[in-house]
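These notes are about the structure you will find just below.
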Amino acid sequence: MNNRQIVIVTDVFDVHADRIIEILRERDREPVRLNYSDVPDNVRLSCVLGGREWRGEIEILTNDRVIETARVGSVWWRKPGPFKLPGDLIGQERVFAAEELRHAMDGLWNALDCLWVSRPEAIRRAGYKIEQLDRAARLGFAVPRTVVTTDPGAVRAFHRECHGDIVFKVLTEPYLAARTYLETNDVEDFTPLVTPTTRITEAELEMLDAVRTVPCQFQELLPRRSELRVTVIGEEVFAAELRPDDPGDAPVDWRDAETTYRPADPPGEVVERCLRLTRGYGLNFAAIDLAVTPDDRYVFLEINPNGQFLYVEDRVPELRMGEAMATLLTSGVDG
């Protein structure tokens, strides 16, 4: 009997993990879910070095499950949130505790020899926007003109060069380091600030001195007929086309607009570039955003190495990405 484990590392409110667990159970698989907000109060961690290898256990007290390192066949590194540190820790104690927890947990994960979707270090490496654009261009993708700078004068020059059609995008994630903040701050009812993709108008140009504080990314706003969300799961590629319901009023971020989703069939060379980009980072999953211009150019916008995909499947049910993810995770325990 195969007793290898599928482990899903995430947090409490994660509909993606909920859906995939449901599919796996329909296949008579029982994955082990670890929510990082259970660490440390509701988890017991033990690692023992005996002979030539570590043996480790993570006992999850909230569901009476145990992750045994020797049995793990696949790990889905989904969306682990911050640790929930005890409230009596303050100041430097909280920072120290978070660092020690992270060191121990990361050390345990790195000791696992199994199928990863995907390894945390690969996800981190693929998240650097500057390198993403460089790598995509070298693979043959068209990429938008981009400036990352702390110089307000460079932004004004770029704005003129692009005839006023530029947007601002954060380099990390739009919730402005909310997870890192929460990990070392005991805050109730926290509502994170959000900075979406923003078109730069004359009003924003008046505030450019703020650019001196942190590096900011500015990108040309290309004319586009549609956008593609290309999701790579293992060796499978799923593409959905996004078109605004009102073509004359295309938004900066089409996910925030009234948009029609439908299956897409991009050219073979575009599919192959998406696969090569994903594999090149050592990833088994990626969500890639492309713009399709009126003259049929496929322009790379970004790769999210740990992005959302169910919102696409819910709109285009024939793209059975949940089933594909469950199959990929199962391959790690059956192989």
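The values are calculated or read from the model by the stated rules, or taken from the named source; none is laboratory data. Computed from a prediction, not measured in an experiment: that's the story for all the values here. Counting neighbours? That spans all protein chains shown, and the Cβs are built from the backbone with ideal geometry, glycine included. Accessible surface is based on the protein model in full, side chains and every heavy atom, while ligands, DNA and RNA are left aside. Shrake-Rupley method; radii C 1.70, N 1.55, O 1.52, S 1.80 Å.
Being assigned to a loop (DSSP other than H, G, I, E, B) and touching a residue at least 12 places away in the same chain (Cβ under 8 Å) is the filter; apply it to the range 50-77 and report the residue that is surrounded by the most Cβ atoms within 10 Å (Cβ to Cβ).
T62
Within the range 280-335, restricting attention to residues that are part of a loop (DSSP other than H, G, I, E, B) and among the β-branched types (V, I, T), which residue is farthest from W76 (Cα to Cα)?
Out of the qualifying residues, it is T293.
Looking at this structure, is F96 of a type in the set (F, W, Y), farther than 20 Å from G322 by Cβ, open to solvent by less than 60 Å² (accessible area, probe 1.4 Å) and at pLDDT 90 or above? So that I can check it myself, show each step before the final result.
Numbers: of a type in the set (F, W, Y): yes; farther than 20 Å from G322 by Cβ: yes; open to solvent by less than 60 Å² (accessible area, probe 1.4 Å): no; at pLDDT 90 or above: yes.
So F96 fails the test.
Just one of the numbered conditions (1) in contact with a helix residue (DSSP H, G or I) (Cβ under 7 Å, 6 or more places away or on another chain); (2) surrounded by 21 or more Cβ atoms within 10 Å (Cβ to Cβ); (3) within 28 Å of P244 (Cα to Cα) is not true of E302; which one?
Failed condition: (2).
What number of residues within the range 69-93 satisfy the criterion of being at pLDDT 95 or above and basic (K, R)?
Going through the range 69-93 one residue at a time, the tally reaches 1.
Criterion first (more than 30 Å from L205 (Cβ to Cβ), among the β-branched types (V, I, T) and either out of contact with any Pro (no Cβ under 9 Å at 6 or more places or on another chain) or open to solvent by 30 Å² or more (accessible area, probe 1.4 Å) (or both)) does V117 satisfy it?
yes
Do you know which of the residues in the range 24-68 that are touching a Pro at 6+ places or on another chain (Cβ under 9 Å) and of a type in the set (S, T, N, Q) is modelled with the lowest pLDDT?
It comes out as S37.
Does the range 78-85 include one or more residues that are open to solvent by less than 10 Å² (accessible area, probe 1.4 Å), among the basic types (K, R) and not in a helix (DSSP H, G or I)?
Scanning the range 78-85, I find at least one residue that is open to solvent by less than 10 Å² (accessible area, probe 1.4 Å), among the basic types (K, R) and not in a helix (DSSP H, G or I), so the answer is yes.
Given (1) touching a helix residue (DSSP H, G or I) at 6+ places or on another chain (Cβ under 7 Å); (2) modelled with pLDDT of 90 or more; (3) open to solvent by less than 20 Å² (accessible area, probe 1.4 Å), identify the lone condition not met by E236.
(3)
Got at least one residue in the range 135-150 being surrounded by fewer than 17 Cβ atoms within 10 Å (Cβ to Cβ) and part of a helix (DSSP H, G or I)?
Yes, the range 135-150 has at least one match.
For S37, are the conditions met, namely being part of a strand (DSSP E or B) and of a type in the set (S, T, N, Q)?
no
Out of the range 153-192, which residues are at pLDDT below 70, assigned to a helix (DSSP H, G or I) and either aliphatic (A, V, I, L, M) or within 18 Å of R212 (Cβ to Cβ) (or both)?
The answer is A178, L182.
Scanning the range 193-231 for residues that are in a loop (DSSP other than H, G, I, E, B) and within 28 Å of P266 (Cα to Cα), which turns out modelled with the lowest pLDDT?
P196
Working only within the range 135-152, note down all residues that are more than 23 Å from V211 (Cα to Cα) and charged (D, E, K, R).
Result: R135, R138.
So which residues in the range 12-27 are part of a loop (DSSP other than H, G, I, E, B), under 24 Å from E59 (Cβ atoms) and charged (D, E, K, R), if there are any at all?
Taking the range 12-27 first, the residues part of a loop (DSSP other than H, G, I, E, B) are 12-14, 27.
Filter again for under 24 Å from E59 (Cβ atoms), leaving 12-14.
D14, the sole residue that qualifies.
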